[in-house]
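Engineer: Below you'll find the structure I mean.
The values are calculated or read from the model by the stated rules, or taken from the named source; none is laboratory data. Quick caveat: nothing in here was measured; it's all calculated off a predicted structure. Please note: Cβ atoms are built from the backbone with ideal geometry, for glycine as well, and neighbour counts cover all protein chains shown. SASA here: full protein model, heavy atoms, side chains in, ligands and nucleic acids out. Shrake-Rupley method; radii C 1.70, N 1.55, O 1.52, S 1.80 Å.
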Amino acid sequence: MNEITIEQLLNLIKTYNEEAIPDVKRAYQLADFLHKGQLRQSGEPYIIHPLNVSYILATMHADCDTLCAGLLHDTLEDTHITKEEIAKLFNQNVANLVDGVTKLAKMNFSSKQEQNLANTRKIITGITEDVRIIIIKLADRLHNMRTLEYKKPFKQKENALETLEIFSPLAYYLGAYQIKNELEDLSLRYLKPEIYHHLEEQKNSIEEANRECLYEMLHKIKMILNENDIPNEIKVRTKNIYGIYKKLEQGHQLNDIHDLLAIKIIVDKIDNCYKTLGLVHRLYKPINHKFKDYISNPKTNLYQSLHTTVFAPNEQIVQTQIRTFEMDRTATYGLTASWDINKGNARYVMQEDLKNKFQFFKYLTEIDTIFSDNQAFVEQVKTELFNNNVYAYTPSGICIELPKGSTIIDYAYKTDPQNADNIVDAIVNDKSVPIDYIIQNKDRIKIITSKLSKGPTPEWETLATTSYAKKRIREYPNNHHLN
Ligand code: MN
């Protein structure tokens, strides 16, 4: 895995962005020169690390500036070069990216020290400046986690915890499942090695036991899709180990995890997703309540797919995931899925997407403006963003993401800020509930407002969880004495 060479990197880049080659070569030569003599803890030449980071970025089809910054990302911190010199040799963008990543170094999410808190804040809000900084940081963290075995046990645990607390949630929010899954598994491997290896063994033996059956299903599905002229690609996949661990922790048994084994069916267009669903249900009986349409109702990180869990011939249950090629790219890479299509414009397009399409981004900017104290900010992000969320639906079926413990008050300020001051109660799944009702997953919520509402009373603030709702209540004219 660490054997990546500059030739391999260049070959990969050639497949999508030939024009970047001369600059990437120069960045490599410069980084190689600057890190000369430095070794990683593994004993390898240091350049191996930036090379791998840039390679991870290239698999996401990163733009030229990002690829160069990936190669140079440790030079400001570890060598004598300056930001100005990088700007002169490359351009201001590359210099800013390297500088941004450098400023995120040496942080510790779990520590209460002011310097670390300030740094954590920088990481999280870095997204609001240029999301590419965070993406480089994710690639950096991924390679460091892949090579964690060379660190001391204490460092391993510290890095693994930090990865679980901040980097894998960030990857999830950006929709980058591939990175999220690998980061989670690597973290668990170092945090709870015995559990990890035990689950790994169990996973392997389950895969082994079901292999024949799954491939038989794959071939049957492929045949019926071909007969119906639906272009397709079909893969078998097992849930990641951390995902299994979480399910078991929630009290599930290994064989009732409905998405432990899955068949991924990728087709050319949306119409054919639904057609495929019908064909799959004709071959295998579905478990009715395990069907989900994330195509019409995308997840808040833009993930789209049809999920249906069916009875396999060997009496196991198997989840089938049906989506288009485009959706599959989004499921793998998230926000960066169309990076190379946007080329020079990538930064702008991704930043706009983040602002307009990803719900967590709004929370983040809110929390950032409300809390000037770094500790309060980090605490709030942890509870509001990086904890478990609940997902509710508006009456028109839009999926709303809220921190666990949110009430009708939070929901109202999030979905209808104009009228939220006037809520009196709400209808949840056809039942009337008070405004302090705690929202559960899949609730359908309609808020009821009235001019007769007592308005946002000071008590409302204690019933709210989200920073935005609390702020609005506090700033309501009659509540000013609270401050
Ligand atoms: Mn690094």
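Engineer: Is it the case, given these coordinates, that ILE234 is closer than 29 Å to ASP185 by Cβ and aliphatic (A, V, I, L, M)?
Structural biologist: Working: closer than 29 Å to ASP185 by Cβ: yes; aliphatic (A, V, I, L, M): yes.
Yes.
Engineer: Going through the stretch 172-214 one residue at a time, which ones are in contact with a helix residue (DSSP H, G or I) (Cβ under 7 Å, 6 or more places away or on another chain) and aliphatic (A, V, I, L, M)?
Structural biologist: Passing the criteria: LEU174, ALA176, ILE179, LEU183, LEU186, LEU188, LEU191, ILE195, LEU199.
Engineer: Only one of (1) closer than 25 Å to LYS235 by Cα; (2) surrounded by fewer than 20 Cβ atoms within 10 Å (Cβ to Cβ) fails for PHE154. Which number is that?
Structural biologist: Just one mismatch for PHE154, condition (1).
Engineer: Do you know which of the residues in the stretch 50-99 that are open to solvent by 40 Å² or more (accessible area, probe 1.4 Å) and of a type in the set (Val, Ile, Thr) is nearest to SER338 (Cα to Cα)?
Structural biologist: Step by step, filter the stretch 50-99, then rank; the result is THR59.
Engineer: Give me the residue from the stretch 278-305 that is aliphatic (A, V, I, L, M) and open to solvent by 20 Å² or more (accessible area, probe 1.4 Å) and, out of that set, farthest from PHE360 (Cα to Cα).
Structural biologist: LEU283
Engineer: So for the stretch 165-173 (the condition being away from the ligand (no atom under 15 Å from the Cβ), open to solvent by 30 Å² or more (accessible area, probe 1.4 Å), part of a helix (DSSP H, G or I) and over 26 Å from THR330 (Cβ atoms)), does at least one residue qualify? Please lay out each step first, then the result.
Structural biologist: Step one: of the stretch 165-173, the residues away from the ligand (no atom under 15 Å from the Cβ) are 165-166, 168-173.
Filter once more, keeping what is open to solvent by 30 Å² or more (accessible area, probe 1.4 Å): 165, 172.
With the extra rule that they be part of a helix (DSSP H, G or I), the set shrinks to 165, 172.
Now drop any that are not over 26 Å from THR330 (Cβ atoms), which leaves none.
So far as the stretch 165-173 goes, no, none of its residues is away from the ligand (no atom under 15 Å from the Cβ), open to solvent by 30 Å² or more (accessible area, probe 1.4 Å), part of a helix (DSSP H, G or I) and over 26 Å from THR330 (Cβ atoms).
Engineer: Continuing with the same structure: Could you please give the count of residues in the stretch 28-39 that are away from the ligand (no atom under 14 Å from the Cβ) and either open to solvent by less than 50 Å² (accessible area, probe 1.4 Å) or of a type in the set (Ser, Thr, Tyr) (or both)?
Structural biologist: Here the count works out to 3.
Engineer: Please work out which one of (1) more than 26 Å from ARG347 (Cβ to Cβ); (2) away from the ligand (no atom under 15 Å from the Cβ); (3) without any contact (Cβ under 8 Å) to a residue 12 or more places away in the chain is the condition ALA160 fails and give its number.
Structural biologist: Of the numbered conditions (1) more than 26 Å from ARG347 (Cβ to Cβ); (2) away from the ligand (no atom under 15 Å from the Cβ); (3) without any contact (Cβ under 8 Å) to a residue 12 or more places away in the chain, the odd one out for ALA160 is (3).
Engineer: I would also like to ask the following. Mind checking whether some residue in the stretch 352-369 is surrounded by 15 or more Cβ atoms within 10 Å (Cβ to Cβ) and not in a helix (DSSP H, G or I)?
Structural biologist: yes
Engineer: Check whether at least one residue in the stretch 325-341 is at pLDDT below 85, in contact with a Phe, Trp or Tyr (Cβ under 9 Å, 6 or more places away or on another chain) and more than 15 Å from TYR177 (Cβ to Cβ), and report yes or no.
Structural biologist: Yes, the stretch 325-341 contains at least one residue that is at pLDDT below 85, in contact with a Phe, Trp or Tyr (Cβ under 9 Å, 6 or more places away or on another chain) and more than 15 Å from TYR177 (Cβ to Cβ).
Engineer: Has the stretch 123-138 got any residue that is acidic (Asp, Glu), surrounded by 22 or more Cβ atoms within 10 Å (Cβ to Cβ), part of a helix (DSSP H, G or I) and touching a residue at least 12 places away in the same chain (Cβ under 8 Å)?
Structural biologist: no
Engineer: If I filter the stretch 40-52 for residues that are away from the ligand (no atom under 16 Å from the Cβ) and farther than 19 Å from ASP140 by Cβ, do I get at least one hit?
Structural biologist: Here is the first cut: in the stretch 40-52, the residues away from the ligand (no atom under 16 Å from the Cβ) are 43.
Then drop every residue that is not farther than 19 Å from ASP140 by Cβ, which leaves 43.
The answer is yes; a qualifying residue exists.
Engineer: Over 30 Å from GLU326 (Cα atoms), within 16 Å of the ligand (Cβ to nearest atom) and among the basic types (Lys, Arg) - does that describe any residue in the stretch 174-190?
Structural biologist: Within the stretch 174-190, the first condition is being over 30 Å from GLU326 (Cα atoms), and the residues that meet it are 188-190.
Subsequent filtering for residues that are within 16 Å of the ligand (Cβ to nearest atom) retains none.
Checked against the condition, which is being over 30 Å from GLU326 (Cα atoms), within 16 Å of the ligand (Cβ to nearest atom) and among the basic types (Lys, Arg), the stretch 174-190 yields no hits at all.
Engineer: For the stretch 416-436, enumerate the residues that are farther than 16 Å from PRO456 by Cβ and out of contact with any Phe, Trp or Tyr (no Cβ under 9 Å at 6 or more places or on another chain).
Structural biologist: Matches in the stretch 416-436: ILE427, ASN429, ASP430, LYS431, SER432, VAL433.
Engineer: Suppose we filter the stretch 62-93 for residues that are more than 17 Å from HIS143 (Cα to Cα) and either within 16 Å of the ligand (Cβ to nearest atom) or in contact with a Phe, Trp or Tyr (Cβ under 7 Å, 6 or more places away or on another chain) (or both); how many remain?
Structural biologist: So the count comes out to 7.
Engineer: Among the candidates LEU142, LEU186, single out the residue that is touching an Asp or Glu at 6+ places or on another chain (Cβ under 9 Å) and surrounded by 18 or more Cβ atoms within 10 Å (Cβ to Cβ).
Structural biologist: The conditions single out LEU142.
Engineer: Also, I was wondering about something else. Among the numbered criteria (1) surrounded by fewer than 17 Cβ atoms within 10 Å (Cβ to Cβ); (2) touching a residue at least 40 places away in the same chain (Cβ under 8 Å); (3) more than 19 Å from the chain's Cα centre (by Cα), which one does VAL318 miss?
Structural biologist: Condition (1) is where VAL318 drops out.
Engineer: Out of everything in the stretch 8-19 that is crowded, with 19+ Cβ neighbours inside 10 Å and modelled with pLDDT of 95 or more, what residue ends up being nearest to the ligand (Cβ to nearest atom)?
Structural biologist: The qualifying residue nearest to the ligand (Cβ to nearest atom) is LEU9.
Engineer: I'm told GLU44 meets every condition in (1) surrounded by fewer than 15 Cβ atoms within 10 Å (Cβ to Cβ); (2) free of Cβ contacts under 8 Å to residues at least 40 places away in the same chain except one. Can you identify the failing condition by its number?
Structural biologist: (2)
Engineer: Here is a follow-up. Would you pick out the residues in the stretch 111-157 that are within 17 Å of GLU182 (Cα to Cα) and more than 16 Å from the ligand (Cβ to nearest atom)?
Structural biologist: GLU149, GLN156, LYS157
Engineer: Next up: What tally of residues in the stretch 296-313 results from selecting those that are under 25 Å from HIS219 (Cβ atoms) and either assigned to a loop (DSSP other than H, G, I, E, B) or among the acidic types (Asp, Glu) (or both)?
Structural biologist: 3
Engineer: Which of the residues belonging to the stretch 252-267 are farther than 18 Å from HIS289 by Cβ and touching a residue at least 60 places away in the same chain (Cβ under 8 Å)?
Structural biologist: LYS264, ILE266
Engineer: Report whether or not ASN228 is exposed (fewer than 15 other Cβ atoms within 10 Å of the Cβ) and at pLDDT 95 or above.
Structural biologist: Yes.
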